[in-house]
There are 2 protein chains.
Amino acid sequence: MASDLDETDAFRPRFDSDGLIPAIVTDAGDGTVLMFAYMNAEALRLTQETGIVHFWSRSRARLWKKGETSGETLKAVEILTDCDQDVLQVKATPQGRGAACHTGRRSCFYRRVENGALVFVDDARLFDPGDVY
Amino acid sequence: MASDLDETDAFRPRFDSDGLIPAIVTDAGDGTVLMFAYMNAEALRLTQETGIVHFWSRSRARLWKKGETSGETLKAVEILTDCDQDVLQVKATPQGRGAACHTGRRSCFYRRVENGALVFVDDARLFDPGDVY
């Protein structure tokens, strides 16, 4: 399982066959996982150059500046990569109202699995999606 | 972007065309992102039933009980899903020496991107991979 990607200081992100790399966004403040999406090379470059998190939207098949509609942009504080450089973690500071999720919640991960069903662990909305989209 | 998956309490994980769903593992203690891998339906079922995190290894094309070789198993404390139920977050308590990464480090995310290169933010190894694999 060892790879020469493990110990190098060369950044060689491994995009998949669709040209995408998964990106986990965590809150730079307390580490909460806020959202998960994919970047292509251009989204990664724009994130690095502008300091604002960009993704590739698979559903819309286009570059996606996170928060372009809602105003809920994410300021990239630090980008980490994993051992084999096929995943990114972006530590970010939420702008706007602090709702990374399109449902108006702080995080997309607001439900836990319990006995095969979902239980809401965070049902607070920082905006009403009906007003925003 | 709204979906009926957003507000339901029915757990309907959406596996991709390969039958996989991404899983972000965080430390149940302090929230640190430890690793990222994929589960198929069986790995998810085994994780829920045994309380030990299982994945599908894409490189080895087989079920993977995390830590089966190294002893670095992960005890699943809580499973969350995201708004559209195509990603999981598993809050876990590391067992063994507490090195989730095959390099012997606590987390796979031990390097940050800086000026196009990688800088080690954690170079402490809790085991020597040469002794373990």
Problem set entry | trypsin sites (Lys or Arg not before Pro) restricted to DSSP loop in region A:52-133 with at most 16 other C-beta within 10 Å | A:Arg58, A:Arg60, A:Arg97, A:Arg125
For this session: Determine the alpha carbon to alpha carbon distance for each of A:Lys91/B:Lys66; A:Lys65/A:Lys91; B:Lys65/B:Lys91; A:Lys66/A:Lys91 and list only those over 18 Å.
Result: A:Lys91/B:Lys66
Exercise. Hey, what's the protein assembly as shown come to in accessible area per residue, 1.4 Å probe, Å²?
Worked result: 44 Å²
Exercise. Across all directions of projection, what mean area in square nanometres is found for the Cα convex hull of chain A?
Worked result: 10.0 nm²
For this session: Distance from a point 7 Å along Cα→Cβ of A:Glu114 to each backbone N in region B:1-44: keep the residues under 15 Å and list them by number.
Result: B:9-11
Problem set entry | Approximate spin-label separation A:Thr50-A:Val132, in nm, with each point projected 7 Å along Cα-to-Cβ | 1.8 nm
For this session: May I ask you to derive the relative contact order of chain A, considering only C-alpha pairs under 8 Å and at least 6 residues apart, and to give it as an integer percent?
Result: 22 percent
Exercise. Closest to the A-onto-B rotation axis, which residue of chain A has its Cβ, and how many Å off the axis is it?
Worked result: A:Gly31, 2
Exercise. Name the residues of region A:1-22 whose accessible area falls by at least 50 Å² when all protein chains are present instead of the chain alone, probe 1.4 Å?
Worked result: A:Met1, A:Glu7, A:Asp9, A:Phe11
For this session: May I ask for the angle, rounded to the nearest 10°, between helix B:41-50 and the longest principal axis of chain B, with both axes built from Cα atoms and the value confined to 0 to 90°?
Result: 70 degrees
Problem set entry | Cleavage-rule hits (GluC sites (Glu not before Pro)) in region B:43-133: DSSP loop, at most 15 neighbouring Cβ within 10 angstrom | B:Glu68
For this session: Rounding to the nearest 20 debye, state how big the charge dipole of region A:53-131 is about its Cα centre with +1 on each Lys and Arg Cβ and -1 on each Asp and Glu Cβ.
Result: 240 debye
Exercise. Given the convex hull of the Cα atoms of the protein assembly as shown, what is a quarter of its surface area in nm²?
Worked result: 13.1 nm²
For this session: Using only protein heavy atoms and a 1.4 angstrom probe, determine the accessible area buried between A and B, summed over both sides, in Å² to the nearest 100.
Result: 3800 Å²
For this session: Could I have the simple spin-label model distance between B:Ala61 and B:Gln95, label points 7 Å from Cα toward Cβ, reported in nm to one decimal?
Result: 2.9 nm
Problem set entry | Using a Förster distance of 25 Å, the FRET efficiency for B:Asp122-A:Phe15 (Cβ separation, nearest 0.05) | 0.50
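The values are calculated or read from the model by the stated rules, or taken from the named source; none is laboratory data. This structure is a prediction, so every number in the text was calculated from the model and none was measured. Every residue, glycine among them, receives a Cβ derived from its backbone with ideal geometry; neighbour counts consider all protein chains shown. Side chains are part of the model used for accessible areas, which takes the heavy atoms of the whole protein and leaves out ligands, DNA and RNA. Shrake-Rupley method; radii C 1.70, N 1.55, O 1.52, S 1.80 Å.
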